[in-house]
Amino acid sequence: MNAKVILITGASSGIGAATARQLASEGHLVVLGARRTGRLVEIVAAIRAAGGTADCCALDVTRLDSMQDFVAFAEDIHGRVDVIVNNAGVMPLSKLDALKVDEWNQMIDVNIRGVLHGIAACLPGMQQRRSGQIINISSIGGHAVSPTAAVYCATKFAVGAISEGLRQEVGGDIRVTVISPGVTTSELADAISDPLAREAMQSFRQVAIPAEAIARAISFAVSQPSDVDVSEIIVRPTASAY
């Protein structure tokens, strides 16, 4: 297997951390980014102790300059970026009439702008090398809308639209993959401030699958030969109705 340089945003917990561990165990060179650098350092240490190669730096996906610094950090170490996993996301659910405008804006900034910033920072280098893969983490919420999740779902529908547009525009050299998890063990629900939405999510999460299930799907997409683009994978609990 040819080791790939793989950047992972939102890598301090959940799907991001699980993906870092999975890909590093397969021999890839992972670079982790998130705001919680203490958590990143712990994950990197564990990966290295297991014989893998990992590095990390602070990252705020809502800032283009931070994302550009993240990519430059990886390029300084490894000379290139082969794959970016745009995983960072937030999910403070609430009904629209709760008027949590600040939370709406946070979801737009992280879930949409964060993905766009990842694309903007990596795409020029990938185009120059005529090689690369951009993996964007969407959600089953990018396929169907449910109460309290209108804005969150809108951001995940946007991830799908952006990804498909990018795939059509860069076809031939750069692969574009969307991974849409169903309910998965993570810290996303911890950000729900609305009591009704938080209660509903606690019930919904009783059938949650582990983050490692999503990491394996990402690994599958990465492992395909360069002439195969896995455009989208939906991974959800067998017991889930959504």
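Derivation of every value follows stated rules applied to the coordinates shown; laboratory data play no part. Predicted model, so just to flag it, every value in this text is computed and none were measured. Glycine also receives a Cβ, built like all others from the backbone with ideal geometry; neighbour counts cover every protein chain displayed.
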As I understand it, the value is the acute angle between the Cα axis of helix 150-170 and the longest principal axis of the Cα atoms of the chain; what does it come to in degrees, rounded to 10?
30 degrees
Counting only residues 5 or more apart in sequence or on a different chain, those whose built amide H sits under 5 Å from that of Val176 are Ile134
Can you give the translational diffusion coefficient of segment 1-108 in µm²/s, computed by Stokes-Einstein from the Kirkwood radius over Cα pairs at 10 °C and 1.306 mPa s?
110 µm²/s
Please build a GNM for the chain, connecting alpha carbons under 10 Å apart, and tell me which residue among Ile77, Ile140, Ile218 fluctuates the most.
Ile77
Taking Val178, Val44 and counting other beta carbon atoms within 10 angstrom, the fewest-first order is Val44, Val178
Could you list the residues of segment 92-126 with an amide nitrogen less than 18 Å from a label point located 7 Å from the Cα of Gln68 in the Cα-to-C-beta direction?
113-126
Rank Pro225, Pro92, Pro181 by mean-square fluctuation in a GNM of the chain with C-alpha springs under 10 angstrom and give only the top-ranked residue.
Pro225
For the chain, evaluate the Debye formula with one uniform point scatterer on each Cα (no solvent term) and list log10 I(q)/I(0) at q = 0.08, 0.14, 0.17 Å⁻¹, rounded to two decimals.
-0.27, -0.86, -1.28
With angles folded into 0 to 90 degrees, how steeply does helix 211-223 sit against the dominant principal axis of the chain? Use alpha carbons for both and round to 10.
40 degrees
Could you list which residues have their amide H under 5 Å from that of Val90, counting only those 5 or more apart in sequence or on another chain, with H placed in the peptide plane?
Asn111
For the chain, the longest principal axis of the Cα atoms and the Cα long axis of helix 37-49 enclose an angle in degrees, to the nearest 10, of 50 degrees
What is the spin-label model distance, in nm, from Ile234 to His143 if the labels are put 7 Å beyond Cα along the C-beta direction?
0.2 nm
Length-normalised contact order of the chain in % [C-alpha pairs under 8 Å, at least 6 apart]
20 percent
With only helices counted (DSSP H, runs n ≥ 4, each -39500 (n - 2.57)), the per-residue ellipticity at 222 nm for the chain, to the nearest 500, works out to -14000 deg cm²/dmol
At a 10 Å Cβ-Cβ cut-off, how would you order Phe157, Phe220, Phe70, fewest neighbours first?
Phe220, Phe157, Phe70
For each of His117, His28, count neighbouring Cβ atoms within 10 Å of the residue's Cβ, then give the residues from fewest to most.
His28, His117
Asp173 to Arg130: extension gain in nm, 0.36 nm per residue of separation minus the Cα-Cα distance?
15.0 nm
Distant-in-sequence amide H partners of Val235 (H built 1.01 Å from N, under 5 Å)
Ser180, Gly182
Cα-derived Rg to Rh of segment 48-180, Kirkwood definition:
1.02
GNM flexibility winner over the chain from Arg39, Arg21, Arg113 (Cα, springs under 10 Å)
Arg39
